[in-house]
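The values are calculated or read from the model by the stated rules, or taken from the named source; none is laboratory data. Quantities reported herein were computed from a predicted structural model and do not represent experimental measurements. Reconstructed Cβ throughout: ideal geometry from the backbone, glycine too, with neighbour counts over all protein chains shown.
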Amino acid sequence: MALSKPRRHSRIPALLKLIGAIFSVLFSAVYLASAYGGKADPVTSAKLSVLGLAYPIVLAATIALAVVWLCLRRWLLAMIPIVALLLSCGPFTTFSPLNFTAGFNESDSAMTFKVLTYNVMNFTDNTGVQHTPNRTIQYILDCDADLVFLQEAAQETDFDKCKQVRAMLDEIKAKYPYYHNHHGDVVLLSKYPIVAQVDSVYFDNHTRAIGWDVAMKGDTIRAYSCHLESIGLTQTDKHLYRQLTKLQNMSSTGDLDEVRGTLITKLARAYRCRSLQARLLRELIDGTDKPVILCGDFNDTPGSFAYRTILGDDMRDAYAECALGPTITYHCNRFYFRIDHILYRGDFDAVKIERGSLNASDHYPLIATFALRQRERTDER
């Protein structure tokens, strides 16, 4: 009796498994490169930094890949993206914190203080309608934070000479008798005495960060407001990007490639600049043993090289410690990222953080509440 030849199609499932395994390994490798891309210095490896910007999208795709394999009962294939996800717990919880504890009770307000950071877009209104009173300034007053860190606060003139600010300056001074009126980008409003301006990061003809010593709660806190390098897209770039990211225009591959090339080039340059600015800022932080609160518009996501450099081994991220789930603080031009941060070190702990919903600027405000530790409470009594 002649032996029958094996049917050719019986090898197809094994081939599909091999292809699936190769794809899962390669995709998981891309995911891990995106998760840890911020460890690479953009000066020498800007492409990894740009890949890190895509982390939310790559994360969602990796989770979807694991779910697909699980639904198909391909357990071994599913383990590949699952292991990659487990290996990136640190970047994941920085991007999307998992703090399930109950909210903070603010009844003991004497032992807490509140911090607001907000890129105010020079107090113009993102809706194109200038409201009276100014919505941004009214929000700041209503928020009633102890320290207010502002970016893009009257770039072309002094803070208190800005037209929108001048109309409400008496109200601002009544709530914040101490403020640093700097001809530039970053401003500090404080309910507590500003002892001195002590540090600044000046880069590429712009002030990128300023530090002040603030006497508050029985201690002197070094407070930094920073605004690191932006991508530098022109209005034409932004308009073309918005047009091409509309679903009906996605077929315009030639124009899309042009915009993509422009974006990547400008992103790479901005990453390199921010890496240098972050190093300068980190040197200032290392130069003081005071408690530090550093807030501002990093123009960079959590886990990026600039973020990691400033965070160092001693600073803490208020959002990562208090929030539940991801959020965005920039919301225009179809760029949706958390690029505003509140970092700190000292004898106090972040106990609450919230992102405001006011859309007057192209950024949302970020507000954190801090509680003094028991040792400081005893001292004040």
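For Leu59, are the conditions met, namely being in a helix (DSSP H, G or I), buried (at least 18 other Cβ atoms within 10 Å of the Cβ) and at pLDDT below 95?
no
Just checking, does segment 213-226 include any residue being among the small types (Gly, Ala, Ser), at pLDDT 95 or above, farther than 22 Å from Pro302 by Cα and surrounded by 14 or more Cβ atoms within 10 Å (Cβ to Cβ)?
Among the residues of segment 213-226, at least one is among the small types (Gly, Ala, Ser), at pLDDT 95 or above, farther than 22 Å from Pro302 by Cα and surrounded by 14 or more Cβ atoms within 10 Å (Cβ to Cβ), which makes the answer yes.
Residues are listed down the side, and each one gets a yes or a no for (1) assigned to a helix (DSSP H, G or I); (2) at pLDDT below 95; (3) farther than 28 Å from Thr220 by Cα:
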site: Arg279; (1), (2), (3): yes, no, no
site: Glu283; (1), (2), (3): yes, no, no
site: Leu294; (1), (2), (3): no, no, no
site: Gly303; (1), (2), (3): no, yes, yes
site: Ala306; (1), (2), (3): yes, no, no
site: Thr309; (1), (2), (3): yes, no, no
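Sort through Ser109, Ser49 and tell me the only one that's surrounded by fewer than 17 Cβ atoms within 10 Å (Cβ to Cβ) and modelled with pLDDT under 95. Steps first, answer last, please.
Details: Ser49 fails: surrounded by fewer than 17 Cβ atoms within 10 Å (Cβ to Cβ).
Only one candidate qualifies: Ser109.
Listed residues Leu70, Leu32, Leu59, Leu53; which is more than 14 Å from Pro91 (Cα to Cα) and not aromatic (Phe, Trp, Tyr)?
Values: Leu32 fails: more than 14 Å from Pro91 (Cα to Cα); Leu59 fails: more than 14 Å from Pro91 (Cα to Cα); Leu53 fails: more than 14 Å from Pro91 (Cα to Cα).
Going through Leu70, Leu32, Leu59, Leu53 in turn, just one is more than 14 Å from Pro91 (Cα to Cα) and not aromatic (Phe, Trp, Tyr): Leu70.
How do the pairs read when you match residues in segment 48-64 that are without any contact (Cβ under 8 Å) to a residue 12 or more places away in the chain with residues anywhere that are surrounded by 16 or more Cβ atoms within 10 Å (Cβ to Cβ) and among the small types (Gly, Ala, Ser), using Cβ under 9 Å and keeping only pairs 6 or more apart or on different chains?
Final answer for the pair search is Ile57/Ser34.
Out of Leu189, Leu147, Leu116, I need the residue that is modelled with pLDDT of 95 or more, closer than 29 Å to Asp347 by Cβ and in contact with a Cys (Cβ under 6 Å, 6 or more places away or on another chain). Which one? So that I can check it myself, show each step before the final result.
Numbers: Leu189 fails: in contact with a Cys (Cβ under 6 Å, 6 or more places away or on another chain); Leu147 fails: in contact with a Cys (Cβ under 6 Å, 6 or more places away or on another chain).
So the residue among Leu189, Leu147, Leu116 that is modelled with pLDDT of 95 or more, closer than 29 Å to Asp347 by Cβ and in contact with a Cys (Cβ under 6 Å, 6 or more places away or on another chain) is Leu116.
Can you pull out every residue in segment 29-46 that is of a type in the set (Val, Ile, Thr), modelled with pLDDT under 95 and either within 18 Å of the chain's Cα centre (by Cα) or assigned to a helix (DSSP H, G or I) (or both)? Step through it out loud before you land on a result.
Residues of segment 29-46 of a type in the set (Val, Ile, Thr): 30, 43-44.
If we keep only those that are modelled with pLDDT under 95 as well, we get 43-44.
Hits for segment 29-46: nothing passes.
From (1) of a type in the set (Ser, Thr, Tyr); (2) surrounded by 13 or more Cβ atoms within 10 Å (Cβ to Cβ); (3) over 26 Å from Pro326 (Cα atoms), pick out the condition that doesn't hold for Tyr139.
It fails just one condition, (3).
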